[in-house]
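Some notes on the structure that comes next.
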Amino acid sequence: MADHTQASRRRVVERRPGSLPAMIVEDLENLIISGALKGGDRINESALAERLGVSRGPVREACRRLERGRLAEFRVNRGMFVREISAEQAAQLYDIRAGLFTLAGRLAAENAAPAVLEALTRQVAELGRCPDIGHYYPRNVDLHRALVALSGNPRLGELYDDTSKELHLYRRQGLDSPEARAVSNAQHERIVAAIAARDPTMAAKLMEEHILTGKQRLLAARPHA
């Protein structure tokens, strides 16, 4: 956390005042992705402002943006909290992500440049060397964003990212075991191969299966009545 704080403060100094809320939103999202902030955790605005060396105004605006993005929720007389969603809501979001990822796969196979595919291959190899979920999950998020970006459709990327952010808690838990991470990354390898082969149908199929595998892990982990 100390290294994260120092890096965040450097970014605050480098940013223009008007862009501070956006930087703080990014900082909070990274804390959620890393697992430092979990669903149900309170976002202490005063402590965050002090840690970043800023006034509470930009922090308050950042929290409002998180609330509009459905990553945080305001609780009367208690403050702002990282939003929690039910397993049923998570399953619905997985279905939406699967549809978006499927479209991204088809478009990526039609548009991807060879140099970009080489970079993706390296990302997949790096994921295979990650020793634990703390290293794997943030890089997994980056890889998914890169795959969607290959679609050449920025609006698709925004929709996918917005939907994915609500699922960080479930996605991270679903990849906690080494076996789940191995399955996940083997699917990444096949996806990149299909895109490199310029096979839109196979790329779309594999990318849909990849998201639905995550949904299956979620459903399997639910307690049975």
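Does any residue of region 158-179 turn out to be farther than 28 Å from Gly40 by Cα, buried (at least 16 other Cβ atoms within 10 Å of the Cβ) and outside the structural domain of Gly69 (by TED's automatic domain parsing)?
no
For region 80-107, what are the residues that are out of contact with any Phe, Trp or Tyr (no Cβ under 6 Å at 6 or more places or on another chain) and outside any helix (DSSP H, G or I)? Show your work before the answer.
Initial filter on region 80-107 (out of contact with any Phe, Trp or Tyr (no Cβ under 6 Å at 6 or more places or on another chain)): 81-89, 91-99, 101-107.
Result: Phe81, Val82, Arg83, Glu84, Ile85, Ser86.
Being more than 17 Å from Leu143 (Cα to Cα) and of a type in the set (S, T, N, Q) is the filter here; which residues of region 176-225 pass it?
If the condition is that a residue be more than 17 Å from Leu143 (Cα to Cα) and of a type in the set (S, T, N, Q), then Ser177, Thr201, Gln216 are the ones that fit.
Being of a type in the set (Val, Ile, Thr) and either within 15 Å of Leu206 (Cα to Cα) or modelled with pLDDT under 95 (or both) is the filter here, so list the residues in region 71-118 that pass it.
Taking region 71-118 first, the residues of a type in the set (Val, Ile, Thr) are 76, 82, 85, 96, 102, 116.
Result: Val76, Val82, Ile85, Thr102, Val116.
Search region 158-177 for residues being touching a helix residue (DSSP H, G or I) at 6+ places or on another chain (Cβ under 9 Å) and free of Cβ contacts under 8 Å to residues at least 40 places away in the same chain, and hand back the single one that is farthest from Gly35 (Cα to Cα). Explain how you work it out, then say what you get.
Just the residues of region 158-177 that are touching a helix residue (DSSP H, G or I) at 6+ places or on another chain (Cβ under 9 Å), to begin with: 159-161, 163-177.
If we keep only those that are free of Cβ contacts under 8 Å to residues at least 40 places away in the same chain as well, we get 161, 177.
On the way: Asp161: 17, Ser177: 15 Å.
Per the criteria, the residue is Asp161.
Would you kindly identify the helices (runs of 4 or more DSSP H) lying entirely within region 160-225 that contain at least 2 residues that are under 20 Å from the mean Cα position of the chain (by Cα) and within 20 Å of Glu110 (Cβ to Cβ)?
Numbers: elements: 168-174, 178-196, 200-221.
Ranges flagged: 178-196, 200-221.
Starting from region 139-151, keep only residues that are surrounded by fewer than 20 Cβ atoms within 10 Å (Cβ to Cβ), then list their pairs with residues that are not in a helix (DSSP H, G or I) and not polar (S, T, N, Q) whose Cβ atoms are within a distance under 9 Å, requiring at least 6 positions of separation or different chains.
Once the first residue is surrounded by fewer than 20 Cβ atoms within 10 Å (Cβ to Cβ) and sits in region 139-151, its partners that are not in a helix (DSSP H, G or I) and not polar (S, T, N, Q) give Arg139/Cys130.
Please state which of the following conditions Gly134 fails to meet, knowing it meets all the rest: (1) surrounded by fewer than 13 Cβ atoms within 10 Å (Cβ to Cβ); (2) more than 17 Å from the chain's Cα centre (by Cα); (3) under 24 Å from Thr213 (Cβ atoms).
Condition not satisfied by Gly134: (2).
What tally of residues in region 27-71 results from selecting those that are among the small types (Gly, Ala, Ser), in contact (Cβ under 8 Å) with a residue 40 or more places away in the chain and under 26 Å from Ala87 (Cβ atoms)?
We begin by selecting, within region 27-71, every residue among the small types (Gly, Ala, Ser); these are 34-36, 39-40, 46-47, 49, 53, 55, 57, 62, 69.
Within this subset, residues satisfying the condition of being in contact (Cβ under 8 Å) with a residue 40 or more places away in the chain are 34-35, 39-40, 53, 62, 69.
Checking the rest, the ones that are also under 26 Å from Ala87 (Cβ atoms) come to 34-35, 39-40, 69.
Looking only at that region, the number is 5.
Restricting to region 50-59, give me the number of residues that are at pLDDT 90 or above and under 30 Å from Gln173 (Cβ atoms).
1
Which one of the conditions (1) modelled with pLDDT of 90 or more; (2) in contact with an Asp or Glu (Cβ under 6 Å, 6 or more places away or on another chain); (3) under 23 Å from Pro138 (Cα atoms) does Asp41 fail to meet, given that it meets all the rest?
Every listed condition holds for Asp41 apart from (2).
More than 22 Å from Ala196 (Cβ to Cβ) and of a type in the set (Lys, Arg): which single residue out of Arg60, Arg106, Arg145 fits that description? Give the derivation first.
Working: Arg106 fails: more than 22 Å from Ala196 (Cβ to Cβ); Arg145 fails: more than 22 Å from Ala196 (Cβ to Cβ).
After ruling out the rest, the residue left standing is Arg60.
The values are calculated or read from the model by the stated rules, or taken from the named source; none is laboratory data. These figures come from a predicted structure and were not determined experimentally. When we count neighbours, we look across all protein chains shown, and the Cβ atoms used for this are built from the backbone with ideal geometry, even at glycine.
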